[in-house]
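Peer 1: Right, I'll just put the structure down here and ask away after.
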């Protein structure tokens, strides 16, 4: 049996949808309760670090720890990490708030910085989605292989999960 | 053997489920989606193929919705 599903994904505050939880509970009440109680913030933090490390391997992108504003002042909040490029020398910071929501920090004063921030946010979101998908499939008992394919000027993350 | 392939680009996750009996496919999709939400990823189903097969225990012909 096979099925294809395309999900449109956006970063958002971690939450649990009661209708989905009810559907899972009907099939597997133990798993539903476990998911309900699961503290996902450490998993989100690990996935953010892995996504930043993946981004740091892309040509032209450097992984760093701080971001600056237009005047050269460093952001003084806590960051999970940051990314810099020639087009965005002051960097794009990634932070995780206390609820586990991912937030971006950058000075978008110049228009070329703004467009680079959007490009990096999109690249980071895809890398993070790949890491989260990897974690979810592993939680559900799959052995997972993850690879990156460069195609049409962009990156595609490919994951293959298998279980008996 | 159950297999799930996923391709990710531009905020879209393209899942391909294989080797699931009947509605086990949809049940696995529900588990994945609830874990996404719990990990700060809001998901909406943009496209789904072969739902009838999943809902009819695999007896229906494969067809697009």
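Peer 1: Suppose the filter is farther than 11 Å from residue B:36 by Cα, more than 9 Å from chain B (Cβ to nearest Cβ) and in contact (Cβ under 8 Å) with a residue 24 or more places away in the chain; does residue A:33 pass it?
Peer 2: Details: farther than 11 Å from residue B:36 by Cα: yes; more than 9 Å from chain B (Cβ to nearest Cβ): yes; in contact (Cβ under 8 Å) with a residue 24 or more places away in the chain: no.
No.
Peer 1: Within region A:139-150, track down each residue that is within 8 Å of chain B (Cβ to nearest Cβ) and not in a helix (DSSP H, G or I).
Peer 2: So in region A:139-150, the residues within 8 Å of chain B (Cβ to nearest Cβ) come out as A:139-140, A:142.
A:140, A:142, listed by residue number.
Peer 1: Still on this model: I'd like the full set of residues that are assigned to a helix (DSSP H, G or I) and either within 22 Å of residue A:156 (Cβ to Cβ) or touching a helix residue (DSSP H, G or I) at 6+ places or on another chain (Cβ under 6 Å) (or both), limited to region B:1-30.
Peer 2: Result: B:25, B:26, B:27, B:29, B:30.
Peer 1: Which count do you get for residues in region A:81-138 that are away from chain B (no Cβ under 13 Å) and part of a strand (DSSP E or B)? Walk me through it before giving the result.
Peer 2: In the first step, residues of region A:81-138 are kept if they are away from chain B (no Cβ under 13 Å); the result is A:81-93, A:104-117, A:120.
So of that shortlist, the ones also part of a strand (DSSP E or B) come out as A:81-85, A:88-93, A:104-105.
Count: 13.
Peer 1: Separate question: Please state which of the following conditions residue A:18 fails to meet, knowing it meets all the rest: (1) within 14 Å of chain B (Cβ to nearest Cβ); (2) under 17 Å from the mean Cα position of the chain (by Cα).
Peer 2: (2)
Peer 1: Considering only residues that are loosely packed, with under 14 Cβ neighbours inside 10 Å and at pLDDT below 95, which ones fall in region A:43-59?
Peer 2: A:57, A:59
The values are calculated or read from the model by the stated rules, or taken from the named source; none is laboratory data. Computed from a predicted model, the values in this text were never measured in an experiment. Neighbour counts are summed over all protein chains in view; Cβ atoms, including those assigned to glycine, are modelled from backbone coordinates with ideal geometry.
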